[in-house]
Amino acid sequence: MTPPVCAEILSTGDEIRCGSVVDSNAAWIAERLEEAGVPVLRHTCVGDDRDAISAALSEIGGRAAIAVVTGGLGPTADDRTAEAAAQAAGVELAESAAALAVVERFLAPRGISISAANRKQARLPHGAECLDNPEGSAPGFRLRIGGCQVICLPGVPREMEAMLQRHVLPRIWDLVGIPAGVQEVGVLNTFGMPESVVGERLEGLEAGFPGIRLGLRVAFPEIQVRLYGHAQERGDLERRLGQAAEEVCRRLGKRVVSRRGEGMATALGELLRGRGQTLGVAESCTGGMIGALLTDVAGSSDYFLLSAVTYANAVKTAVLGVSPEVLERWGAVHEETARAMAHGARRVAGADFGLATTGIAGPGGGSADKPVGTVCIGLATAESVVGWRYVFPFNRRDMNRRMFAFLAMDRLRLWLRGDLRT
């Protein structure tokens, strides 16, 4: 069973508190801790106020085994995390030789003399362990507050990530005095079902696999199924994670895009590469998003040949060869137009497959028969050209475009798998 420990995350800074900066640190830390087998109980945010930070640390110290704190370790007057931690722990601040060395090592190669403000960064709560910062001038530190191991790290994401990887994750179970065993996370990516339906399909899964904890994560429009495992032996854990993953695949079927946590574009690319086949894409409403997603994957030149953003009808005709008669009869948003675009993309690219999108992403431009959220998808193969029409309820342009792009890729993915022939 997973040891009964939990973590909390405390983000500090007025810029985080007021929303002018998005707290990406907390999300990254939470994911890394969960992967290490430590559930995160709470995320807390406070501004640059010593008493507020101290009070938050005192509360966390009474209920969590580990707390990761970010921000407030810089040289300016509003960097108050060290003072607040000392106040919560009931100790004084004192200059740390190890912390001073971290500051000097960062400044010396840059020809910067250490100032009084920089020396402030070397003042840590008495008894705290200094944590080296390989990327910046702000040392981190660790100390105990109540029953909690509190790890304070800089707020700069690059620095924080490097320090968490170096100082926290490798020794996380040692920090709380519990034998580690083995932790592992299995991730399966799914598409085509809302989170609620995925949850219903997987209800009761944990009961059949002791030591495996199920979690769902939305990465719109995909849903990640995450299997958190803990055991004393790696072989036993890998076997049980594999069995649990098989059960997820059995329950979700073709909606599982990848058993290795890969996204839609990567999974589609692997299918094309494995078959030695190529793809050309014509996009209207998605505006190049499919091409961008596919080319974000290293090595996609093995199978991806063309991306044509044919927004205007005249360009659909001039570039793809869509006949004016098709456009006049059916309009830009229609299955027949999508079919003609896909056929043109395949022909122009000299590819095995052509894929096309045309639709109404909104927020305006809809009608009674073609409301906002309508997308038509065309797929051209050597044997046939097929088209589909779908309507989604999203009123946001960005959500519609992203859904349209993923759905188009999914049509081809299912075709390649043999799960879609009409």
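Brief remarks on what is shown
- Seen from Val322, the other residues with C-beta closer than 12 Å to its C-beta sum to a net charge of +1, counting Lys and Arg as +1 and Asp and Glu as -1.
- Taking the chain and dividing mean pair separation by its residue count, relative contact order in percent (alpha carbons under 8 Å, at least six apart): 10 percent
- Among residues other than Ala298 with Cβ under 13 Å from its Cβ, the summed charge is -3 (Lys and Arg +1, Asp and Glu -1).
- Value of D in µm² per second that Stokes-Einstein yields for the chain, Kirkwood Rh from Cα pairs, at 10 °C (1.306 mPa s): 64 µm²/s
- Shown for Glu135, Glu383: other C-beta atoms within 10 Å of each C-beta, ranked fewest to most, produce the order Glu383, Glu135.
- Cα gyration tensor, segment 7-175 - rounded (a/c under 1.5), prolate or oblate: rounded
- Note on Lys370: lysines with a C-alpha under 23 Å away, same-chain residues under 8 apart excluded, are Lys316.
- A cut-off under 13 angstrom between Cβ atoms defines the neighbours of Ala345, and their net charge, with Lys, Arg +1 and Asp, Glu -1, is +2.
- Karplus-based coupling profile of segment 185-191, in residue order and whole Hz: 10, x, 10, 10, 9, 10, 8, with θ = phi - 60° in 6.51 cos²θ - 1.76 cosθ + 1.60 and x standing for Gly or Pro.
- Gaussian network model of the chain, Cα within-10 Å springs - most flexible of Val257, Val225, Val46: Val46
- FRET efficiency for Asp14 and His43, using Cβ-Cβ distance with R0 set to 22 Å, rounded to 0.05: 0.80
- Loop-located trypsin sites (Lys or Arg not before Pro) in segment 1-88, at most 15 other Cβ atoms within 10 Å (DSSP): Arg63
- Exposure proxy ranking, count of Cβ atoms within 10 Å, fewest first, for Phe404, Phe394: Phe394, Phe404
- Rounded to the nearest 20, the Cβ-based charge dipole of the chain about its Cα centre (Lys and Arg +1, Asp and Glu -1) stands at 1060 debye.
- Inter-site label distance for Ala368 and Leu420 at 7 Å from Cα along Cβ, in nm: 3.1 nm
- Segment 91-193 - charge dipole about Cα centre, Lys and Arg +1 at Cβ, Asp and Glu -1, debye rounded to 20: 220 debye
Laboratory data are not the source of any read-out in this text; all were calculated from the coordinates shown. Because the structure is predicted, anything quoted here is derived from the model rather than measured. When we count neighbours, we look across all protein chains shown, and the Cβ atoms used for this are built from the backbone with ideal geometry, even at glycine.
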